[in-house]
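The block underneath contains the structure these notes are about, expressed in structure tokens.
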Amino acid sequence: MHIVLHWLDYTILLAYTGFVIGIGWMLSRYMKTSSDFLTSGRSIPTWVTGLAFISANLGALELVGMAASGAKYGIATCHFYWVGAIPAMIFLAVFMMPFYYGSKARSVPEYLKMRFDERVRALNSIAFAVMTIFASGISMNALAKLLNQLLGWNYNFALFVCSGVVLVYVLKGGLTSAIYTEVLQFFMIVLGFAPVVYLGLKDVGWWGTLMERLHIVAQNPMALNLNTTAFRADAWTSAWKPVLAGPANNPMGVDWFAMIFGLGFVLSFGYWCTNFLVVQRAMAAKNMTAARNTPLVAAVPKMLFPALVILPGMLAVALASLPDKDYRIPPPILSEATYASGIAAVKAANPADPAAAVKAVGDALGKAVDPVKITSLVAANAGGKLSDEQIHKGLYNSIAENYYDGVIISLVTRYCPTGLLGLALTALLASFMSGMAGNVTAFNTVWTYDLYQAYFAPGRTDAHYFWMGKFITVVGIILSIFAAYFASMYNNAMDIIQLVFGFVNAPLFATFLLGMFWKRCTGTGAFLGLFGGIAGSAIFHALTTTTGNVDAAGHVINVMKGGYLGVVTKFPSEMAQNFWLATVAFLACFTLTAVISLLTSRTKSDEELKGLVYSLTPKTVDHNQPLWQRPAVVGIVLLICCIILNVIFW
Amino acid sequence: MGLDIRWPIGLMFTLIGALLAVNGLITSSDTEMYERSLGININLIWGAVLLVFGVLMLLGAISGGKKNPPSA
């Protein structure tokens, strides 16, 4: 089942690699100080930082995961863009960038130190550094596995080559190099996947047929193993109607409040407005206007990305529902040996006893199988009429489980001839590298300025920190590789780590919101409030779970999905549980921070907080800017466009 | 920074676009190869699109370079 690449595909891949390394090489002569290397010396034009902003966020996991969600949930997946990103990006541009950029902080933790104190900075920078490494490792592991399973590339080779390329260009040109290559990667991703989406649409029979097929699928998603219950006809094709109708009516299993408040406010603002990985791109802009316009430039492609990343998943579902297209959503990947024992089981099966045949084949494959398909396969093979190849294909089609992460590659291999195949795979690798470079450049800055310079070796020369920045880049990549191996060996440990990160991240926006807009907020309040929020999410998780995670006797099946201290509430889906967890964590952190701030005395005077808190900072004047460059004006226009999109796909 | 990013982007897509388009021309009679892409010679068409994009980027870099000399 492996795909064969030809010299043309490899040439495209090599050309891309050559250019990203070349960019690093060209920039290396401009790297003279630690600030050139780690913060780009604040010199980059808006359109470049804007596209880098979006590209750093568009890692391989996002690309693969959004297509997977497009298949599982349909158009409602767009909420992760239109509800879960655009409003927060606009808020960052209009309200928060003036403080980040204006304070001259070099990183988000450094802003926290200026606004509050060292404790808050230490907490934020340590959590961020650890999370970045693991996030990078998880994504590397996922990509290397995908390349291994689908292209037959060696896992270690994929891991080392990809991270080696990132290492070379980041080490040479620092943040500037990461940002510049991210722009190149942005175009690579868009231009590499666009033809696949076009061919998919054409194959399905354009938009009308797509909608028609998805209406049919929604009423019987069991046929494609997409879900265990039937939904209303518009469950895959409307963004809001199924959500407004309640959790039982949409495949995500979420209600509108959790969607808007949990995702649209807490999680989305927490990510886009406080995550240094993306904010760093805007902080590298050449001036305040450019910095504020960075997230706005990024919002335009972000708003349209669903057509590139979510649509393929929906197309896959529609294709799978058309019998003459000979396509299924890829099943979990099984080894050839497993298929061989499955083929043997089919040959040995007695067509007169279908139940036993189904069980024998299912046991041989180690997966649930579609009894109807196996019965007809066994019947068709009666007397050994089918070739091994035909039985293999029959087995592939009858596995009653989907491997959604394989959707995007299955479409690439379906439609791309040699040449275009190389382009699309290069796009996938580009998305992986842009995500990884984003992690690495954010990590090395936080380590060098917020941990090393702040606590381990203050007062050294800039040359020393410059050296440290380069050194930690190498260390960061090595640590990511370790994290990737760790992820490949201990799946459970990785799940726990991601769960804990969820707890740490959920309350973060409350701290920033109070810190930026309320001068009375104190360091102690922020510090203890953050801990309270983290504890709040952990307790919430321990007391709730999903409906499917409780067996008939009322016992919790998988403690990773919560409920280990007793089940107070059950949510219809993990997504709903997540959105509510974020909501609770935010409210806990917000309340605690506010109350403790009122009980403690201020340690920073109004004068010290100038430029850091809204009410004490002179308003940014942008009347002298042309209308189309004023963040507030552009922000409102973008918000209106976003609302129009929501209405169109209502 | 002294590097206009439009140069590498323009050069890369011009190169890849030209490669794809030429390959599309050479293989245009190979109907079996283009069965995957629904009978469309996608290499030729998409190669041409990339080529045009690359050239536009290069033109942007050239005219931008005149307005702001690289030393700025």
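Only the coordinates and a few stated rules stand behind these numbers; no lab work does. Treat the numbers as computed from the prediction; the structure is a model and nothing was measured. FYI the Cβ positions are ideal-geometry reconstructions off the backbone, even for glycines, and counts take in every protein chain you see.
Computed over neighbours whose Cβ is under 15 Å from that of A:S55, the net charge equals 0, Lys and Arg +1, Asp and Glu -1.
Rounded to the nearest 0.05, what FRET efficiency do A:H464 and A:K619 have when you use their Cβ-Cβ distance and R0 = 41 Å? Display every interim value, and only then the final one.
Numbers: r = 39 Å, r/R0 = 0.96.
FRET efficiency, A:H464 to A:K619: 0.55.
In order along region A:187-195, phi translates into HN-Hα couplings of 5, 4, 5, 5, 6, x, 9, 3, x Hz, rounded to whole numbers, per the Karplus curve 6.51 cos²θ - 1.76 cosθ + 1.60 with θ = phi - 60° and x for Gly and Pro. Relative to the Cα centre, the charge distribution of the protein assembly as shown, modelled as +1 at Lys and Arg Cβ and -1 at Asp and Glu Cβ, gives a dipole magnitude of about 1800 debye. Helical content of chain A, expressed as a calculated mean residue ellipticity at 222 nm, amounts to -21500 deg cm²/dmol (DSSP H runs of 4 or more residues, -39,500 (n - 2.57) each, divided by residue number, nearest 500). Amide H contacts of A:T544 (H built 1.01 Å from N, in plane; Pro and chain starts excluded): A:G563, A:V568 sit under 5 Å, all sequence-distant by 5 or more or on other chains.
The Cβ shell under 14 Å around A:V120 holds other residues with a net charge of +1, Lys and Arg each +1, Asp and Glu each -1. By other beta-carbon atoms within 10 Å, ranking A:S573, A:S136 with the fewest at the front produces A:S573, A:S136.
Is the C-alpha gyration tensor of the protein assembly as shown telling us rounded, prolate or oblate? Criteria: a/c under 1.5 is rounded; beyond that, a/b larger than b/c is prolate, otherwise oblate.
Oblate is the answer for the protein assembly as shown, as a/c is 1.5 or above yet b/c matches or exceeds a/b.
Contact order, relative form, for region A:491-618: 38 percent (alpha carbon pairs under 8 Å, 6 or more residues apart, mean separation divided by residue count).
Note on region A:491-618: with charges restricted to the Cβ of Lys and Arg (+1) and Asp and Glu (-1), its dipole about the Cα centre is near 300 debye.
In the protein assembly as shown, a dipole from Cβ-located charges (positive for Lys and Arg, negative for Asp and Glu) runs towards its positive end, and of A:W207, A:T448, A:M222 it is A:T448 whose Cα lies farthest in that direction. Taken as Cα centroids, region A:404-457 and region A:99-156 sit 13 Å apart, rounded to the nearest whole angstrom. Computed from Cα atoms, the angle from the helix A:462-489 axis to the main principal axis of chain A rounds to 20 degrees.
Taken about its Cα centre, region A:331-401 carries a charge dipole of about 120 debye when Lys and Arg each add +1 at the Cβ and Asp and Glu each add -1 at the Cβ. Residue by residue, region A:43-49 carries 3J(HN,Hα) couplings of 9, 9, x, 4, 5, 6, 5 Hz when phi is fed to the Karplus relation 6.51 cos²θ - 1.76 cosθ + 1.60 (θ = phi - 60°); x denotes Gly or Pro. For chain B, the residue among B:G17, B:I42, B:S28 whose Cα projects farthest onto the positive side of the dipole built from Cβ charges is B:G17. Using the alpha-carbon atoms, what tilt in degrees (0 to 90, nearest 10) does helix A:288-304 show relative to the longest principal axis of chain A? Helix A:288-304 sits roughly 10 degrees off the main axis of chain A.
Local charge for A:P331 was computed over the other residues whose Cβ lies under 11 Å away, with Lys and Arg +1 and Asp and Glu -1, and equals 0.
Between the helical axis of A:508-517 and the longest alpha-carbon principal axis of chain A there is an angle of about 30 degrees. Over chain A, Cα pairs under 8 Å with separation of 6+ residues give a relative contact order of 26 percent.
Cβ-Cβ distance of A:Y490 and B:I62, R₀ of 51 Å, FRET efficiency by 1/(1 + (r/R0)^6): the value works out to about 0.45.
Exposure proxy for A:M468, A:M97, A:M288: other Cβ atoms within 10 Å of each Cβ, ordered fewest to most, give A:M288, A:M468, A:M97.
In chain A, a dipole from Cβ-located charges (positive for Lys and Arg, negative for Asp and Glu) runs towards its positive end, and of A:F261, A:H79, A:L429 it is A:F261 whose Cα lies farthest in that direction.
By the beta-carbon count within 10 Å of each Cβ, the least crowded to most crowded order of A:Y10, A:Y111, fewest first, is A:Y10, A:Y111.
Model label points for A:Y564 and A:T600, set 7 angstrom from Cα along the Cα-to-Cβ axis, are 3.0 nm apart. Subtracting the Cα-Cα distance of A:K32 and A:I216 from their residue separation scaled by 0.36 nm leaves 60.1 nm.
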